[in-house]
Amino acid sequence: MGDLEKAKGADSPALVPILHILSRNTVLEVEKGAEFARREAAILAANKAPAMARLSADLTGWQSKNSDSWGGRRYFRMLEAATVSGPYAEDPEARAVLRLMMSDASRGFDKERSLALLDQVANDAAVPAENGFKVGALIRKASILTQRGDLAAAKAVYGQTGTTADQCSLIDSAPRFLGAGGTFPDEAKMWGFEGWVSVQFDVGADGRTINQRAVVSYPPFIFTKAGDDTLKTARYEKAFRPDGGIGCGGVTQRVRFTMHN
């Protein structure tokens, strides 16, 4: 990227594709990725890019600011403010995305608010009926109703989407993480090693993980098995699927192993 910066300038739109990729590189630390995202967002804003292009970069930067244990509510407020002011308030698709993100953020502390936001997306006349965001809102609503045990209502809502089971798993939001077990490897504890593992896996409609596979670990190999074992115990929220199949495919989770005195 250095050569391109010298040739085009540090604020050139030509840097946006590279910054976009770097900001989403799971190997990088969260704050470093957010730094790239904020730079991408600044270039897009300066060049008056369409709202949806700007939103993708902004969301990555906002998420990094709210990654602490109570960040769900703070992140929710940031999204809420963006729906009523700035470049996203008057753009129907950007507004729909923000409401979907608000719904996802509030699922852990206010499911009624989460459902109301999904209804706002599904009933927004400015968004076409076949729009993927409206379909995504209905699928999310069906999953929340499933978690409540109301399968009849979930099926009725899902029936409005017109999607197959495979399409459903692609459009739905990532399931909310509930918890996991796992232990610190004895060998690493003995050597005084700390580290992390990025594990990719699928989540069944019942919230259990399957097909766990370590993608990258640091230090290499030392925590690989422990990372896999930890994700085997993980539980996520249930999702509605008409065939009871995969709730979400290709999820990546980083597991950190730290020692405390």
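The values are calculated or read from the model by the stated rules, or taken from the named source; none is laboratory data. For clarity, every value in this text was computed on a predicted model and none was experimentally measured. All Cβ positions, glycine included, derive from the backbone under ideal geometry; neighbour counts span all protein chains shown. Accessible surface is based on the protein model in full, side chains and every heavy atom, while ligands, DNA and RNA are left aside. Shrake-Rupley method; radii C 1.70, N 1.55, O 1.52, S 1.80 Å.
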Output the residue which, of all residues in the range 217-261 that are in a helix (DSSP H, G or I) and open to solvent by 70 Å² or more (accessible area, probe 1.4 Å), is modelled with the highest pLDDT. Lys232
Please go through the range 152-162 and pick out each residue that is touching a residue at least 12 places away in the same chain (Cβ under 8 Å) and either basic (Lys, Arg) or over 20 Å from Ser103 (Cα atoms) (or both). Lys155, Gly162
Of the residues that sit in the range 146-160 and are modelled with pLDDT under 85 and either among the aromatic types (Phe, Trp, Tyr) or under 30 Å from Ala89 (Cβ atoms) (or both), which one is least open to solvent (accessible area, probe 1.4 Å)? Tyr158
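Where residues in the range 162-173 are surrounded by fewer than 21 Cβ atoms within 10 Å (Cβ to Cβ) and either in a helix (DSSP H, G or I) or in contact with a helix residue (DSSP H, G or I) (Cβ under 8 Å, 6 or more places away or on another chain) (or both), which of them is modelled with the highest pLDDT?
Restricting attention to the range 162-173, the residues satisfying the condition of being surrounded by fewer than 21 Cβ atoms within 10 Å (Cβ to Cβ) are 162-167, 170-171, 173.
Filter once more, keeping what is either in a helix (DSSP H, G or I) or in contact with a helix residue (DSSP H, G or I) (Cβ under 8 Å, 6 or more places away or on another chain) (or both): 162-163, 165-167, 170-171, 173.
On the way: Gly162: 72, Thr163: 68, Ala165: 55, Asp166: 54, Gln167: 51, Leu170: 51, Ile171: 52, Ser173: 61.
It comes out as Gly162.
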Selected residue (criterion: surrounded by the fewest Cβ atoms within 10 Å (Cβ to Cβ)) from residues of the range 185-207 that are closer than 11 Å to Val255 by Cα and hydrophobic (A, V, I, L, M, F, W, C): Trp196
Scanning for something in a helix (DSSP H, G or I), open to solvent by 70 Å² or more (accessible area, probe 1.4 Å), under 25 Å from Arg256 (Cα atoms) and not aliphatic (A, V, I, L, M), does the range 12-23 turn up at least one residue? no
So Lys189 ticks every box in (1) of a type outside the set (A, V, I, L, M); (2) modelled with pLDDT of 80 or more; (3) out of contact with any helix residue (DSSP H, G or I) (no Cβ under 8 Å at 6 or more places or on another chain) but one. Which box is left unticked? (2)
Taking Pro87 and the conditions (1) open to solvent by less than 30 Å² (accessible area, probe 1.4 Å); (2) in contact with a Lys or Arg (Cβ under 8 Å, 6 or more places away or on another chain); (3) modelled with pLDDT of 85 or more; (4) within 27 Å of Pro128 (Cβ to Cβ), which numbered condition does it fall short on, given that it satisfies the others? (1)
The residue that is surrounded by the fewest Cβ atoms within 10 Å (Cβ to Cβ), considering only those in the range 104-115 that are of a type in the set (Asp, Glu) and within 20 Å of the chain's Cα centre (by Cα), is Asp110
So, in the range 116-136, of the ones that are in contact with a helix residue (DSSP H, G or I) (Cβ under 6 Å, 6 or more places away or on another chain) and modelled with pLDDT of 90 or more, which residue ends up most open to solvent (accessible area, probe 1.4 Å)? Gln120
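Considering the range 72-88 alone, what residues qualify as being within 18 Å of Arg54 (Cα to Cα) and not hydrophobic (A, V, I, L, M, F, W, C)? Reasoning before the result, please.
Just the residues of the range 72-88 that are within 18 Å of Arg54 (Cα to Cα), to begin with: 75, 78-88.
Result: Tyr75, Glu80, Thr83, Ser85, Gly86, Pro87, Tyr88.
Quick check on Lys65: is it surrounded by 14 or more Cβ atoms within 10 Å (Cβ to Cβ), at pLDDT below 85 and charged (D, E, K, R)?
Numbers: surrounded by 14 or more Cβ atoms within 10 Å (Cβ to Cβ): yes; at pLDDT below 85: yes; charged (D, E, K, R): yes.
Here the answer is yes, as Lys65 does meet what is asked.
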Mind counting the residues in the range 175-184 that are part of a strand (DSSP E or B) and open to solvent by less than 30 Å² (accessible area, probe 1.4 Å)? 1
